[in-house]
There are 2 protein chains.
Amino acid sequence: MVTIADVAQAAGVSISTVSYVMSGKRTISQDTKERVERAIDALEYRPHASARSLASRSTNVIGLQAPLRSGVDVHVVMEIVAGIVREARMHQYDILLLTSDDAEGLHRATRASMVDALLLMDVESDDPRIATLRELATPSVLVGLPRGAEELTCVDFDFEAAGRMAAERLIALGHRRVALLGSPREVIDRHTSYAERLSRGFLAACAEHDVPATVHQCPTTHESVRVLNAVLAEHPDVTGLFIHNEGALAHIAARAATIDGLEAIALCPSDIARTVPTLVDSIDLPAEGLGSAATQAIIALLAGESTPKVRLLPAVLASSRGASEPERAEVAGR
Amino acid sequence: MVTIADVAQAAGVSISTVSYVMSGKRTISQDTKERVERAIDALEYRPHASARSLASRSTNVIGLQAPLRSGVDVHVVMEIVAGIVREARMHQYDILLLTSDDAEGLHRATRASMVDALLLMDVESDDPRIATLRELATPSVLVGLPRGAEELTCVDFDFEAAGRMAAERLIALGHRRVALLGSPREVIDRHTSYAERLSRGFLAACAEHDVPATVHQCPTTHESVRVLNAVLAEHPDVTGLFIHNEGALAHIAARAATIDGLEAIALCPSDIARTVPTLVDSIDLPAEGLGSAATQAIIALLAGESTPKVRLLPAVLASSRGASEPERAEVAGR
DNA sequence: TCTCGTTGTTGAAGCGCTTCGACAATCGCG
DNA sequence: CGCGATTGTCGAAGCGCTTCAACAACGAGA
């Protein structure tokens with residue numbers, strides 16, 4: 001294995017000089033710098049991560065708890081993780097995958113100094129991990145917006161604005177009775193906050209326009225079609241649908257397309273929307289961007305920069321009907 | 001931070017004694033051992049991962065390259081990763097998530113001594129990473145079975161046996177013309193080996209029974225229904241379908257259920273099969289088990305135990321039609 | 001009784017890196 | 001021309017752990 005001592009010898013300088021060339025924490029003459037860099041390249045030297053972390057007291061690793069099989073929106077989770085990894089690498093950080101959902105994993109990683117910071121996905125309202133996070137005092141960011149996490153940094157998509165936007169779009173299209181076909185029961189039961197925020201925004205906007213609206217839970221399978229049928233049976237005047245359910249989207253959209261006068265818009269990643277041509281519009285769920293944003297927040301935190309406690313990515317309407325330019329919802333904060 | 005010195009002091013022993021209590025590499029009296037263990041618990045001591053790895057020259061970390069958005073079988077990928085993480089933790093290993101698909105990431109992680117071993121998913125036939133792996137000489141395991149990786153350890157599901165099993169089951173059900181609706185074009189084009197192995201087994205078994213069979217690529221969307229329609233238009237006598245396509249499964253199964261005499265079986269994780277009630281049978285794709293098996297192989301490698309070069313998990317028929325006990329395909333090796 | 005092998009414990013030497021304090025060389029200014 | 005400030009480089013002290021060699025204490029065999 002090539003060590004810093006080998007590089008120093010090859011370049012004819014001391015070990016500390018090599019270190020300072022790499023970190024830039026001390027001024028080094030151009031000549032020396034070049035000699036050292038050449039030696040590094042020639043030897044393909046990579047500093048030993050553990051040695052560096054032991055001496056510098058930081059690991060350049062971020063611990064991530066991702067829901068690996070919560071059964072919901074696997075696609076979205078994947079993209080978020082992809083965004084996290086990509087952004088982390090851009091800032092010289094690596095991602096350590098912690099077993100999901102147990103506070104013990106957070107403890108372990110932190111106490112053993114394996115990570116500089118923690119990133120948590122899929123956080124529930126009364127998640128025990130929030131208490132652990134507080135106690136550990138490790139820089140951390142939540143992807144999500146649980147209640148009772150006021151002092152923690154949260155990054156999420158602005159589901160409430162997305163709900164409003166969907167309602168307003170359907171109303172602008174002329175619909176006078178609308179329905180939201182949303183997450184499956186499990187998600188609601190787990191008190192994942194996004195479902196609630198989405199329907200709150202949706203219902204609020206409908207109420208403001210005096211348009212009657214209902215919200216329905218949907219299984220993530222073809223069974224969702226039954227829900228749609230039931231909704232239409234009960235409210236035959238529903239003509240506008242807003243779908244937020246990865247697994248059900250295709251089924252519902254396909255069924256809806258067979259019914260005259262019915263129009264559907266959806267909240268989903270844009271590449272998914274593209275596979276469902278019968279949608280009138282879609283609101284983009286920027287999953288990868290969400291991952292990037294969360295990582296950016298963590299990195300700002302680690303750099304000691306001030307970061308807003310809550311950052312919500314704006315909802316953007318990706319109109320398929322030749323809209324001129326995408327509408328943007330406001331960025332919210334608290 | 002609590003260090004080993006704190007524990008030693010609290011227990012009234014030397015630092016090395018504490019270390020030996022933890023590693024068990026030296027005999028320690030019962031009395032001393034208990035005192036040290038009490039001190040460890042009381043102080044909630046966790047050895048500093050970097051210090052340990054610097055001194056012991058091993059990290060207890062496995063690097064993982066997982067395809068985070070290849071567009072295929074997100075669900076399966078997720079479950080495999082879940083299996084990997086779970087199994088790794090059982091053996092005191094952690095998982096470092098490397099950016100997918102670049103050989104550079106493998107280099108980095110290895111040269112910087114960040115990982116003890118590498119786990120690669122989604123390996124293509126002429127993957128540049130295979131050369132890198134050879135050059136690095138780091139213990140590694142592939143999830144998949146690429147050609148030209150003879151000296152590397154591979155773990156995969158026995159797709160060929162699954163193909164045979166599906167064919168034989170359809171034939172046993174009385175079908176005299178069958179079709180395999182398989183992976184989307186991209187997967188085939190990337191030379192991912194599993195699609196090929198599956199259809200090889202399927203066609204071979206059909207040929208042995210003199211049952212005509214065809215194989216078709218399927219998009220992962222509702223468009224797959226068109227493929228089904230086209231197949232039926234061309235071969236009206238097809239009555240047995242074998243589906244292997246996560247995204248298309250529900251669509252095809254739903255459409256197939258509307259056609260008299262048509263029966264479908266699928267290859268997919270069992271929890272997915274459960275959401276598609278119109279399937280006659282399904283062959284379980286043990287995604288999580290695949291992850292566990294791959295991790296077990298890595299750990300055996302790290303322990304210096306001998307491991308078979310190739311391990312294929314057997315195909316198991318999960319009959320929905322009151323079968324007595326699940327059939328098993330043979331384990332293959334090379 | 002003496003010596004030898006066990007058993008249990010310890011001190012100290014690293015592992016490869018960062019960083020502090022020191023120091024020589026050079027520069028700018030009165 | 002002399003003095004302090006600046007610039008560039010280095011030696012050495014750790015970071016927290018593992019592990020080797022050494023050693024004290026003790027029982028067993030001669």
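The values are calculated or read from the model by the stated rules, or taken from the named source; none is laboratory data. This one's a predicted model, so the numbers in the text were calculated from it and none came from an experiment. Neighbour counts run over all protein chains shown; Cβ positions are idealised from the backbone, glycine included. The protein model used for the area step is the full one, side chains on, heavy atoms only, and it has no ligands, DNA or RNA in it. Shrake-Rupley method; radii C 1.70, N 1.55, O 1.52, S 1.80 Å.
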query: Is it the case that some residue within segment A:4-14 is near DNA strand C (Cβ under 10 Å from one of its atoms) and under 27 Å from A:I95 (Cβ atoms)?
result: yes
message: Take the residues in segment B:54-75 that are in contact with a strand residue (DSSP E or B) (Cβ under 8 Å, 6 or more places away or on another chain) and open to solvent by less than 20 Å² (accessible area, probe 1.4 Å); name whichever of them is farthest from DNA strand C (Cβ to nearest atom).
response: B:P67
field: In segment A:144-164, the residues that are on the phi > 0 side of the Ramachandran plot and buried (at least 21 other Cβ atoms within 10 Å of the Cβ)
entry: A:G144
query: Out of all the residues in segment A:64-85, is one or more at positive phi, more than 8 Å from chain B (Cβ to nearest Cβ), under 23 Å from the mean Cα position of the chain (by Cα) and among the polar types (S, T, N, Q)?
result: no
- request: Would you point out the residue of segment A:207-225, among those that are open to solvent by less than 30 Å² (accessible area, probe 1.4 Å) and in a loop (DSSP other than H, G, I, E, B), that is nearest to A:D189 (Cα to Cα)?
  value: A:C218
message: Could you list, ordered by first residue, the pairs with Cβ atoms under 6 Å in which the first is in segment A:21-48 and within 13 Å of DNA strand C (Cβ to nearest atom) and the second is not in a helix (DSSP H, G or I), at least 6 apart or interchain?
response: A:V21/A:I28; A:L43/A:V2; A:Y45/A:V2; A:R46/B:A112; A:H48/B:S113
message: For segment A:128-143, give me the residue count where each residue is within 19 Å of A:V76 (Cβ to Cβ) and open to solvent by 10 Å² or more (accessible area, probe 1.4 Å).
response: 1
message: Of all residues being within 14 Å of another protein chain (Cβ to nearest Cβ) and surrounded by 11 or more Cβ atoms within 10 Å (Cβ to Cβ) in segment B:1-34, which is farthest from the chain's Cα centre (by Cα)? Just the residue, please.
response: B:D6
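Every residue, every condition in (1) within 17 Å of the chain's Cα centre (by Cα); (2) part of a strand (DSSP E or B); (3) aliphatic (A, V, I, L, M), yes or no:
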site	(1), (2), (3)
A:T138	no, no, no
A:R169	no, no, no
A:A179	no, yes, yes
A:G201	no, no, no
A:A205	no, no, yes
- line: Scanning segment B:227-258 for residues that are among the hydrophobic types (A, V, I, L, M, F, W, C) and in contact (Cβ under 8 Å) with a residue 40 or more places away in the chain gives B:V227, B:L228, B:V231, B:V238, B:L241, B:F242, B:I243, B:A248, B:I252
field: Enumeration of residues in segment A:260-269 that are open to solvent by less than 50 Å² (accessible area, probe 1.4 Å), more than 12 Å from chain B (Cβ to nearest Cβ) and either in a helix (DSSP H, G or I) or not acidic (D, E) (or both)
entry: A:L262, A:A264, A:I265, A:A266, A:L267, A:C268
message: Among the listed residues A:T110, A:T99, identify the single one that is touching a Gly at 6+ places or on another chain (Cβ under 6 Å) and either not basic (K, R) or not assigned by TED's automatic domain parsing to the domain that holds A:Y194 (or both).
response: A:T99
field: Boolean, B:D116 is touching a strand residue (DSSP E or B) at 6+ places or on another chain (Cβ under 8 Å), farther than 26 Å from B:L285 by Cα and among the charged types (D, E, K, R)
entry: yes
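Having 1 or more residues that are modelled with pLDDT of 95 or more and more than 16 Å from DNA strand D (Cβ to nearest atom) is the bar; report the helices (runs of 4 or more DSSP H) wholly within segment A:14-95 that clear it.
Because the criterion is at least 1 residues that are modelled with pLDDT of 95 or more and more than 16 Å from DNA strand D (Cβ to nearest atom), the helices (runs of 4 or more DSSP H) in segment A:14-95 that meet it are A:30-43, A:74-90.
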- prompt: Can you tell which of A:A103, A:A172 is without any contact (Cβ under 8 Å) to a residue 12 or more places away in the chain and surrounded by fewer than 23 Cβ atoms within 10 Å (Cβ to Cβ)?
  reply: A:A172
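Run down B:A257, B:A287 and say which single residue is open to solvent by less than 30 Å² (accessible area, probe 1.4 Å) and out of contact with any Leu (no Cβ under 8 Å at 6 or more places or on another chain).
B:A287 is the lone residue from the list that is open to solvent by less than 30 Å² (accessible area, probe 1.4 Å) and out of contact with any Leu (no Cβ under 8 Å at 6 or more places or on another chain).
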- prompt: Exactly one of (1) within 40 Å of the chain's Cα centre (by Cα); (2) small (G, A, S); (3) more than 10 Å from chain A (Cβ to nearest Cβ) is unmet by B:S53. Its number?
  reply: (3)
query: Within segment B:96-134, how many residues are β-branched (V, I, T) and assigned to a loop (DSSP other than H, G, I, E, B)?
result: 3
